[in-house]
Amino acid sequence: MINIVDSVKSTNTWLSFFNTDYFSSIISLSQSEGYGRLGRDWESAFGGLYFSLSLPYRPLLPFVIGISVSEVLEEYKFNTNLKWPNDIIAGGKKLGGILCQNQDEVVIAGLGINFDNEVALPTVVSISEMNYKINKLSFVVSFVEKLKLNLKHSDEMIIGKFLRYDILVGEQVSWSEGKGIVETISLDGSLGVKTDEGNMVFLTEEVHLQ
Ligand code: BTN
């Protein structure tokens, strides 16, 4: 069931109280206290998509969600990339993000995408700013169908699909403890980077493109 409301603090928080079944979900037209990874605020003005759904746990879930978003947007002829581990990119800027929160056997998966909302930062973009018009509800319906298909795929297939959209492999990145060139995304979802010192490291923390 999809619940649709005008406003909540956060669709992830709401669903964490009311998720009765797998695939129960909520769309809110705005959020007053939307948040992203690492406790960052998530701007949630009217016009954006703020969607959460409860899912059974599986490894690589943020990747499965990311490729499902990109594949559906591609059906609308809107091309996106994915920035490991959970950013949706369009025209080199951040279009949206994915936040998965584990709650016992259930994962509350939140998806924020800038559709028609005003975006303030120069590093952020919306679908309407790129002169596309996509109906949010039609997108969500197609996305959930696509997600159900992708959830059945093996980890190998998910990583293979993710790499089609990836923007990090081959790029110089930095993180809290070093710098290096991204070589691969491993089957466990970690980012394989060859450091400037020549060592191979597998990262699970956020990296920055140089
Ligand atoms: C990120 O890039 O840090 C992830 C952002 C996730 C935002 C979405 S909007 C719907 C759901 N509700 C929230 O409060 N956050 C997620």
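The values are calculated or read from the model by the stated rules, or taken from the named source; none is laboratory data. Note that the structure is a prediction, hence the values are computed from the model and not measured. So basically every Cβ, Gly included, is an ideal-geometry build from the backbone, and we count neighbours across all protein chains shown. Just so you know, the surface numbers come from the protein's heavy atoms only, side chains and all, with ligands and any DNA or RNA stripped out. Shrake-Rupley method; radii C 1.70, N 1.55, O 1.52, S 1.80 Å.
Can you list residue pairs whose Cβ atoms sit under 7 Å apart, with the first residue in the stretch 122-134 being touching a residue at least 60 places away in the same chain (Cβ under 8 Å) and the second being surrounded by 14 or more Cβ atoms within 10 Å (Cβ to Cβ) and of a type in the set (Val, Ile, Thr)? Count only pairs 6 or more apart in sequence or on different chains.
Every condition considered, the pairs that remain are SER126/VAL119; ILE134/ILE127.
Would you mind finding the one in TRP42, TRP14 that is assigned by TED's automatic domain parsing to the domain that holds GLU145, within 10 Å of the ligand (Cβ to nearest atom) and farther than 30 Å from VAL182 by Cβ? Lay out the reasoning, then the answer.
Details: TRP42 fails: farther than 30 Å from VAL182 by Cβ.
Residue meeting the stated conditions: TRP14.
Can you pull out the residues in the stretch 25-39 that are more than 8 Å from the ligand (Cβ to nearest atom) and modelled with pLDDT under 95?
Residues of the stretch 25-39 more than 8 Å from the ligand (Cβ to nearest atom): 25-27, 29-30, 32, 39.
Of everything in the stretch 25-39, just one residue is more than 8 Å from the ligand (Cβ to nearest atom) and modelled with pLDDT under 95, namely GLY39.
Output the residue which, of all residues in the stretch 168-210 that are at positive phi and open to solvent by 40 Å² or more (accessible area, probe 1.4 Å), is farthest from the chain's Cα centre (by Cα).
GLY198
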